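A short write-up of the structure that comes next.
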Amino acid sequence: MAGPAPKHRSGPPRAHAGAQHFAIVAARFNESISERLVAGAREALEEGKIAADRIEVHWVPGSFELPLAASHLVATGRYAGVICVGVVIRGETPHFDYVAREAATGIREIAVSTGVPVTFGVITALTEEQAWARAGGAVGNRGREAAEAALEMASFVDRVWNGRTDGAAAQG
C-alpha cells in the first residue's frame, strides 16, 4: 500500500447535523454541457425534497478547480453535500489525463478527509458527442447521478453520526 494511512476523524463531519443545504460546483469549461449537468443535479435534489432555496450553484473556470471550490464550501459547515460537475474531453495532448485524474483525486480526498459527501459528476469523454450523451442524452445525466449519490450519502452520514440504524442495511 503506497502513501500514508488516512487520518480518522474523532468527531462528526464538518457539515452541521441535519444540514439540508447542498452546493453544486460547476466547471465553466464546456459550459453548455455543464449547464445540462447542473440542471440534472438540481432536478434530482428537488425530487429528493431539497427546496430550491437550499441549493446553491457555484461556477469555477474548469474541472481542475472543482476540488478547491468544494474544499472551501465544505469548510463553511453549511452543506450536507457538494456535487461537482464538469466536462473533460480528450484532445490531442495528455492534458486530459492530468485534469481528469486531479479532479477525481481532489474530489475524493475532500470527501474522505472531511466526511462530507462530495460527489464526482465530471464527464470524461473521448468526444463531444459522448459528453452530450452523458449530459442528459442516451447514456443518462452524470449531474443527476452525482446528486442522487450526494443525497444518499448525506442520509447515510446523518444516520451513522446520530446512531440510527433505520435504512442502514446494505441494499442490492
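Any read-out appearing in this document is the output of simple, stated calculations on the displayed coordinates, not a laboratory observation. The model shown is predicted, which means the values in this text are computed figures rather than measured ones. Every residue, glycine among them, receives a Cβ derived from its backbone with ideal geometry; neighbour counts consider all protein chains shown.
Structure values in brief
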item: Dipole magnitude of region 22-161 about its Cα centre (Cβ charges: Lys, Arg +1; Asp, Glu -1), debye to nearest 20; result: 220 debye
item: Full-extension gain in nm, residue 39 to residue 112, via 0.36 nm per residue minus C-alpha separation; result: 23.7 nm
item: Extension gain, residue 90 back to residue 47 (0.36 nm per residue minus Cα-Cα distance, nm); result: 12.2 nm
item: Approximate shape of region 22-161 as ellipsoid semi-axes (Cα gyration tensor, √5λ), whole Å, largest first; result: 23, 17, 12
item: Among 127, 154, 138 the positive-end extreme of the charge dipole of region 22-161 (Cβ point charges); result: 154
item: Segment residue 105-residue 31, extension gain: residue separation times 0.36 nm, minus the distance between their alpha carbons; result: 24.4 nm
item: Spin-label model distance (nm) - residue 139 vs residue 57, 7 Å beyond Cα toward Cβ; result: 2.3 nm
item: FRET efficiency estimate (nearest 0.05) - Cβ-Cβ, residue 156 to residue 98, R0 30 angstrom; result: 0.40
